[in-house]
1. So if each residue of separation counts as 0.36 nm, and I subtract the Cα-Cα distance between residue 42 and residue 64, what length gain in nm does that give?
2. Quick check: convex hull of the Cα atoms in the chain, volume per residue, rounded to a whole Å³?
3. Using only alpha carbon pairs under 8 Å that are at least six residues apart, calculate the relative contact order of the chain and give it in whole percent.
4. In what sequence, highest mean first, do 95-108, 153-166 appear when ranked by Cβ atoms within 10 angstrom?
5. Here are some pairs, 107/164; 24/164; 24/107; 122/151; 24/147; which of them have Cα atoms lying more than 21 Å apart in this structure?
6. With a 10 Å radius around each residue's Cβ, average the other Cβ atoms per peptide and rank 144-150, 113-119, 10-16, highest first.
7. What is the antiparallel percent of DSSP beta bridges lying wholly in the chain, to the nearest 5?
8. Contour minus end-to-end for residue 177 and residue 121, with contour as 0.36 nm per residue of separation and end-to-end as the Cα-Cα distance?
Amino acid sequence: MYVWPCAVVLAQYLWVHRRSLPGKRVLEIGAGVSLPGVVAARCGAQVILSDSEELPRCLQSCRSSCLMNHLPHVPVLGLTWGRMSPELLSLAPIDIILGSDVFFDPKDFEDILTTIYFLLEKNPHAQFWTTYQVRSADWSIEALLYKWKLKSIHVPLHSFGADKEHLASSSLPGRHTIEMMIISLAQSDGTSVYSTLDFSTR
Ligand SMILES: C[S@@+](CC[C@H](N)C(=O)[O-])C[C@H]1O[C@@H](n2cnc3c(N)ncnc32)[C@H](O)[C@@H]1O
């Protein structure tokens, strides 16, 4: 029911990369109010929004955001992290997965990454674009990335003009420490399998 500070940062990343978005197939997980997914859809991506199938009010929030932003045809799915549901198994091919502030509770971290691993195995060229708020220096997904044969690249906020307390007329980022990373499938030598795919703005 709330736009989290991370959403504004991820939306800014999408806006900066908007020229690469038309035609891209995008899935947002844990979408809630769905700001990043809505921005991607408004920039021409084919977006699917999702939130937990056990949280119907959050799914309704995804639908309301679409309607308010004149996106009545964006599909909204119940996708619970870590659950092999028929909706997950029958998803169409995707290029980009979005996740804003989904790493907020360590008990969910492996469930999120198993869902991401499943999707990247099916779509080896795809990337998971995710922003997270640093809530504890003790939390880490490094061991889980290794376990699930994933790799992450840190994207500095200043590289897309998001290192500000006020962003796109929003004061939400404030003094929160927000980070962005791009997670993708790693090959056994640790290199990316999608290195020829270009997501740049050009
Ligand atoms: C901190 S909120 C972030 C919402 C939105 N992405 C944003 O940044 O404004 C976390 C979101 O994850 C969803 N969520 C929580 N547990 C989940 C689960 N097990 N599977 C899928 N979504 C979940 C919540 O319903 C909520 O929308």
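1. On the way: separation 22, 0.36 × 22 = 7.92 nm, distance 1.50 nm.
Full extension of this stretch gives 6.4 nm more.
2. Details: hull volume 24.1 nm³, N = 202.
Spread over its residues, the Cα hull of the chain gives 119 Å³ apiece.
3. 23
4. Values: 95-108: 20.1, 153-166: 13.8.
Packing order, densest peptide first, comes out as 95-108, 153-166.
5. As for pairs spanning more than 21 Å Cα to Cα, those are 107/164; 24/164; 24/107; 24/147.
6. Details: 144-150: 15.9, 113-119: 20.4, 10-16: 22.0.
In descending order of packing, they fall as 10-16, 113-119, 144-150.
7. Numbers: 13 of 29 bridges.
About 45 percent, rounded to the nearest 5.
8. 17.1 nm
Throughout, read-outs are computed from the coordinates displayed, never taken from laboratory work. As the structure is a computational prediction, the values presented were derived from the model and not from experiment. Here Cβ is always computed from backbone atoms with ideal geometry, including for glycine, and neighbour counts include all displayed protein chains.
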